[in-house]
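Read through the structure below, which is laid out as structure tokens, and then see the notes.
The values are calculated or read from the model by the stated rules, or taken from the named source; none is laboratory data. Not measured: the values here are computed from a predicted model. Every residue, glycine among them, receives a Cβ derived from its backbone with ideal geometry; neighbour counts consider all protein chains shown. Each accessible area value is taken on the protein alone, full model and side chains, heavy atoms only, with ligands, DNA and RNA left out. Shrake-Rupley method; radii C 1.70, N 1.55, O 1.52, S 1.80 Å.
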Amino acid sequence: IQVEVTGACNLRCRMCLVRYRPALDRSEGSLPLRTFTRLVDELPELSTITLQGLGEPLLAPDLETMVEYATARGCRVGFNTNATLLTRRRARRLVRAGLSWLHISLDGATPATYESIRDGARFATVEANVRGLVDVKQGLAADNPELSLVFVAMRRNVGELPALVRLAADWGVGRLRVQNLSHSFS
């Protein structure tokens, strides 16, 4: 299943519907833990949970507890993130909670391109956070979460794709996913 754990987001990306709606409060816009656990409990055959919607999952107040609860039930759990809030402390908690995969949105190989698309983000912060997660995984001798960079291809950034492949390797991320822009806001 896919569960939106929060509708709140800390960015206003050019290609995202969140940019065009009023901002949601972190606590009011998040799924309560009791609702999540009830949902998981009501699906005994559940094997995979994607904690994803229009919001930034790292803003969900109970995210690590949700991951831990679902993995204890034998589920694979993962989500997409903009990684701006992925501190080493958060990374350590997510690895220990049993996060299976993490897809990191990175729509440019240079700060100028990336920051022009992901309003409110800083490339250097994301780089430090991704490298920090890779270090945490190595320090804990953890295979998971499996990491991927996710690139939304647009006219403004597609020329940086070869550099992004090199950047992923340099940061220690073994997979790069490319997806088309799915909305036209012209």
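Can you tell me which residues in region 25-73 are assigned to a loop (DSSP other than H, G, I, E, B), among the acidic types (Asp, Glu) and either open to solvent by 50 Å² or more (accessible area, probe 1.4 Å) or farther than 18 Å from Val150 by Cβ (or both)?
Across region 25-73, the qualifying residues are Asp25, Glu28, Glu42, Glu45, Asp62.
List every residue pair whose Cβ atoms sit under 7 Å apart, with the two residues 6 or more apart in sequence or on different chains, where the first one lies in region 115-136 and is of a type in the set (Phe, Trp, Tyr) and the second, anywhere, is surrounded by fewer than 20 Cβ atoms within 10 Å (Cβ to Cβ).
Filtered contacts from region 115-136: Phe123/Pro111; Phe123/Glu115.
Can you name the number of the only condition in (1) β-branched (Val, Ile, Thr); (2) surrounded by 19 or more Cβ atoms within 10 Å (Cβ to Cβ); (3) without any contact (Cβ under 8 Å) to a residue 60 or more places away in the chain that Val152 fails?
(3)
Could you grab the pairs with beta carbons closer than 8 Å, sequence gap of 6+ or different chains, first residue in region 74-103 and farther than 21 Å from Gly174 by Cβ, second one β-branched (Val, Ile, Thr)?
The qualifying pairs are Cys75/Val40; Cys75/Thr48; Cys75/Ile49; Thr84/Thr125; Thr84/Val126; Ala97/Thr65; Ala97/Val67; Ala97/Thr71.
Just the residues that are assigned to a strand (DSSP E or B) and closer than 21 Å to Val3 by Cβ, please, taken from region 74-128.
The answer is Arg76, Val77, Gly78, Phe79, Asn80, Thr81, Trp101, Leu102, His103, Ile104, Ser105.
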